[in-house]
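A.B. asks: My questions will all concern the structure given below.
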Amino acid sequence: VISLDEAQAAVLAGCAPLPAVCWPLAVADRCVVATDVVAAEAVPGFDNSAMDGFAVRADDLTGAAGPVEFSIVGQALAGHPLSMEVGPGECARIMTGAPLPRGADTVVPVERTVGATWPPADAGSVLLVSEGVARGDHVRRAGEDVRSGDVVVTRGSVLTPARLGVIASVGHASVVVHARPRVGVFTTGDELVGPGWPLAAGQIRDSNRVGLLAQLARDGFAPVDLGRVDDDEGELAAALGAAVRRCDALLTTGGVSMGEVDLVRVVLDRVGDMQWMQVAIKPAKPFAFGVVEAPGGAGRPVRRVPVFGLPGNPVSALVSYELLARPGLRRLAGHGDGDLVRAPVPAVADDGLTRRPDGKLHAMRVVASLAGDGRWHVHPSGAQGSHQLGGMAAANALALVPDGDGVPPGGTVDIVLFG
Ligand code: AMP
Ligand code: MG
């Protein structure tokens, strides 16, 4: 029996970041950037107006005793620059985002015109308030946001909608990221039947697959549904072989305990470099982890595909995923060492958390809420059996209760917030 830390270390030793790939921005959200993104273009690319109003020369307004009359020479719209120059005593109508015409250096917003209707006539004149106008007002300067050559997103950053927008704004249509891991999931067990199909005697629903596939998608990985496999060595070996060719990592559930037909670990042991673990946690004690070699394709080197043999019990499968598989998958995705596991936060166990000493860390399913005192408070979310998915479904956190007699009412416990 090994500790959770030791099991995590064994997993991480078998997981390396996937190679960098150049991906279109549209598919790269949540990926980890593999090289600094350098601006190819300045933002803004040209001086432009921050307001709807009139582009003028500030010299014509500064020092004036009252409103000044300007003759309107034309208009500049976003995407439609004005070709003529604005001379002394002249102004141009200008809309937000339009290039500042030559000659002009300041924008007077429409709110600071005297008696004008908006939009004003194409030609004619307009009275502009002179008070409080300073040169450069309401002009966005070329390069004031980003200069060409600036690093806008650093290597190791996780892409977000705003970062994707920044990368687009500086002229790139693609970004170099660690490939999003394609993670296959197959469940094992002769007794399993997919939702919607009739149950025969002794059969149960396959609940693990849909849950794990959904969790993978939430975590930013690309889930691949590989179906259900019988408790049969030949079939398991074939399924495993096919899976590692298609995927960057594989999750299986079931078949890693001590039972007669717990064959996943047997097969994994034969085809890969496997570690079968008894982890000192409850639930999710049995766990198998192996690395299976798969062809790289097109002259590329052999790929080392991590395989996570999660336990079959539904709660165990999800807890094992959270504590053991997810950190390994995040390393594949290129996340840094400090960003592999969700950091535990302290919480108050209002009614206590009951357990007995058994040498294990208990990952109890709890409902956590942030209270008015600024602290997290938790209570058990329901029945705590490893087969009782209802308690997991009601939970938004795992309380990590160390070996011993549990947490007294009002005591503190570390929690991992996953929901
Ligand atoms: P195993 O580890 O294969 O012995 O499975 C442990 C328990 O989990 C057994 O009661 C299985 O029937 C159940 N189980 C295994 N796989 C699944 C699954 N995909 N969905 C729901 N229950 C499962
Ligand atoms: Mg089984």
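A.B. asks: Looking at the stretch 184-234, which of its residues are assigned to a loop (DSSP other than H, G, I, E, B), surrounded by fewer than 12 Cβ atoms within 10 Å (Cβ to Cβ) and away from ligand 2 (no atom under 16 Å from the Cβ)? First the steps, then the outcome.
C.D. replies: To start, the set of residues in the stretch 184-234 that are assigned to a loop (DSSP other than H, G, I, E, B) comprises 189-191, 194-203, 206-207, 219-221, 230-232.
Among the residues that remain, those that are also surrounded by fewer than 12 Cβ atoms within 10 Å (Cβ to Cβ) are: 195-202.
If the condition is that a residue be assigned to a loop (DSSP other than H, G, I, E, B), surrounded by fewer than 12 Cβ atoms within 10 Å (Cβ to Cβ) and away from ligand 2 (no atom under 16 Å from the Cβ), then Pro195, Gly196, Trp197, Pro198, Leu199, Ala200, Ala201 are the ones that fit.
A.B. asks: Would you point out which residue out of Ser169, Ser125, Ser130 is within 29 Å of the chain's Cα centre (by Cα), away from ligand 2 (no atom under 16 Å from the Cβ) and among the hydroxyl-bearing types (Ser, Thr, Tyr)?
C.D. replies: Working: Ser125 fails: within 29 Å of the chain's Cα centre (by Cα); Ser130 fails: within 29 Å of the chain's Cα centre (by Cα).
The conditions single out Ser169.
A.B. asks: What tally of residues in the stretch 292-327 results from selecting those that are β-branched (Val, Ile, Thr), outside any helix (DSSP H, G or I) and within 16 Å of ligand 1 (Cβ to nearest atom)? Reasoning before the result, please.
C.D. replies: Filtering the stretch 292-327 down to residues β-branched (Val, Ile, Thr) leaves 292, 302, 305, 307, 315, 319.
Checking which are outside any helix (DSSP H, G or I) leaves us with 292, 302, 305, 307.
Still in the running and within 16 Å of ligand 1 (Cβ to nearest atom): 307.
Count: 1.
A.B. asks: Moving to a separate point now. Evaluate the following for Ala214: is it free of Cβ contacts under 8 Å to residues at least 12 places away in the same chain, aliphatic (A, V, I, L, M) and within 30 Å of Phe46 (Cα to Cα)?
C.D. replies: On the way: free of Cβ contacts under 8 Å to residues at least 12 places away in the same chain: yes; aliphatic (A, V, I, L, M): yes; within 30 Å of Phe46 (Cα to Cα): no.
No; evaluated as a whole, the condition is false for this residue.
A.B. asks: When you scan the stretch 177-192, do you find a residue that is more than 12 Å from ligand 1 (Cβ to nearest atom), at pLDDT 95 or above and closer than 19 Å to Ala40 by Cβ, even just one?
C.D. replies: Let us first name the residues in the stretch 177-192 that are more than 12 Å from ligand 1 (Cβ to nearest atom), namely 177-184.
Filter again for at pLDDT 95 or above, leaving 177-184.
Restricting the remaining residues to those that are closer than 19 Å to Ala40 by Cβ gives 177.
Yes, some residue in the stretch 177-192 is more than 12 Å from ligand 1 (Cβ to nearest atom), at pLDDT 95 or above and closer than 19 Å to Ala40 by Cβ.
A.B. asks: Being open to solvent by 60 Å² or more (accessible area, probe 1.4 Å) and not hydroxyl-bearing (Ser, Thr, Tyr) narrows it down to one residue among Lys285, Lys360; which is it? Break it down into steps so the answer makes sense when it comes.
C.D. replies: On the way: Lys360 fails: open to solvent by 60 Å² or more (accessible area, probe 1.4 Å).
Answer to the selection: Lys285.
A.B. asks: Pick out, from the stretch 1-86, the strands (runs of 3 or more DSSP E) lying fully within it that include 2 or more residues that are open to solvent by less than 60 Å² (accessible area, probe 1.4 Å) and closer than 14 Å to Pro99 by Cβ. Outline the logic, then answer.
C.D. replies: On the way: elements: 20-24, 53-56, 68-76.
Output list reads 68-76.
A.B. asks: Is it fair to say Arg330 is in a strand (DSSP E or B), open to solvent by 10 Å² or more (accessible area, probe 1.4 Å), away from ligand 2 (no atom under 16 Å from the Cβ) and at pLDDT 95 or above?
C.D. replies: Details: in a strand (DSSP E or B): no; open to solvent by 10 Å² or more (accessible area, probe 1.4 Å): yes; away from ligand 2 (no atom under 16 Å from the Cβ): yes; at pLDDT 95 or above: yes.
Judged against the criteria, Arg330 is not a match.
A.B. asks: Arg155: within 17 Å of the chain's Cα centre (by Cα) and modelled with pLDDT of 95 or more, yes or no? Quick ask: steps written out before the conclusion?
C.D. replies: Numbers: within 17 Å of the chain's Cα centre (by Cα): yes; modelled with pLDDT of 95 or more: yes.
In short, yes.
A.B. asks: Mind listing whichever residues of the stretch 238-256 are away from ligand 2 (no atom under 16 Å from the Cβ) and assigned to a helix (DSSP H, G or I)?
C.D. replies: Step one: filter the stretch 238-256 for residues away from ligand 2 (no atom under 16 Å from the Cβ), giving 238, 241-250.
Matches in the stretch 238-256: Ala238, Gly241, Ala242, Ala243, Val244, Arg245, Arg246.
The values are calculated or read from the model by the stated rules, or taken from the named source; none is laboratory data. No experiment lies behind these values; they were computed from the predicted model shown. Neighbour counts run over all protein chains shown; Cβ positions are idealised from the backbone, glycine included. Surface areas here come from the heavy atoms of the whole protein model, side chains and all, with no ligands, DNA or RNA. Shrake-Rupley method; radii C 1.70, N 1.55, O 1.52, S 1.80 Å.
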